[in-house]
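Structure record follows, encoded as structure tokens.
The values are calculated or read from the model by the stated rules, or taken from the named source; none is laboratory data. Please read all numbers here as calculations on a predicted model, not as lab measurements. Methodologically, a virtual Cβ is constructed for each residue, glycine included, from the backbone with ideal geometry; neighbour enumeration extends over all protein chains shown. These area figures cover heavy atoms from the full protein model, side chains too; ligands, DNA and RNA do not enter into them. Shrake-Rupley method; radii C 1.70, N 1.55, O 1.52, S 1.80 Å.
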Amino acid sequence: MDICLPVNDYARWRPLFEQAIDQRFYTIEHLDRMIFDGITQIWFGEEAAIVTELKTYPTGVQVIEGIVAAGDLDEIVEHLIPKAEAWAKEFGCKFARIESREGWAKVLKKKGWEVSQTALVKEL
């Protein structure tokens, strides 16, 4: 359950990642490139997986950002997110950030997460 990229592990989760991402903004091919180029980290569990990315903002603050998650919700919340958070903290990150669907705010509130901003989208 560490960061790694065995191709067969990614292949197992790729169809579920493709369903989970908002394809108006990202394609699965873009996610593939980010993963295989080493831009992201992928965290595998027994029944879940998440993809994260480290970002440095103009203020210099480093943040781990959740890009996509798939699989068992309890494993994501109880094991994979805390593992990614601990790794990011050791790496110097000061914050963790997830831009996703509203349901994640409810699920993660009990783990200390709070809504920081709201993204509104309008098709033009």
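The table for this structure:
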quantity: Net +/- balance of residues flanking Gly71 in space, Cβ distance below 11 Å, scoring K and R +1, D and E -1; calculated: -4
quantity: FRET efficiency, 1/(1 + (r/R0)^6) with R0 30 Å, evaluated for Leu124 and Val63 via beta carbons; calculated: 0.55
quantity: Candidates per chymotrypsin sites (Phe, Trp or Tyr not before Pro) in segment 22-124, loop by DSSP, up to 11 other Cβ within 10 Å; calculated: Phe25
quantity: Å² of accessible area per residue within the chain, as computed with a 1.4 Å probe and no ligands counted; calculated: 68
quantity: Most mobile listed residue (Ile39, Ile67, Ile21) in the chain, GNM with C-alpha springs under 10 Å; calculated: Ile39
quantity: Neighbourhood charge, 15 Å Cβ-Cβ cut-off, centred on Lys111 and excluding it, Lys, Arg +1 and Asp, Glu -1; calculated: +1
quantity: Gain upon complete extension [Leu16, Lys106; 0.36 nm per residue less C-alpha separation]; calculated: 30.2 nm
quantity: Stokes-Einstein diffusion coefficient of the chain, Kirkwood radius over Cα pairs, 37 °C, 0.692 mPa s, in µm²/s; calculated: 217
quantity: FRET efficiency for Leu73 and Met34, using Cβ-Cβ distance with R0 set to 22 Å, rounded to 0.05; calculated: 0.40
quantity: Helix-only mean residue ellipticity at 222 nm for the chain, each DSSP H run of n ≥ 4 adding -39500 (n - 2.57), per residue, nearest 500; calculated: -9500 deg cm²/dmol
quantity: Trypsin sites (Lys or Arg not before Pro) restricted to segment 46-124 and DSSP loop, no more than 15 other C-beta within 10 Å; calculated: Lys94, Arg101, Lys122
quantity: Hydrodynamic radius of segment 21-61 per Kirkwood, over alpha carbon pairs, in Å; calculated: 11.8
quantity: Stokes-Einstein D in µm²/s, Kirkwood radius over Cα pairs - segment 43-91 at 20 °C with 1.002 mPa s viscosity; calculated: 190
quantity: Anisotropy class of segment 58-124 from Cα gyration tensor, a/c 1.5 cut; calculated: oblate
quantity: Heavy-atom accessible surface of segment 44-124: percent carbon and sulfur, 1.4 Å; calculated: 51
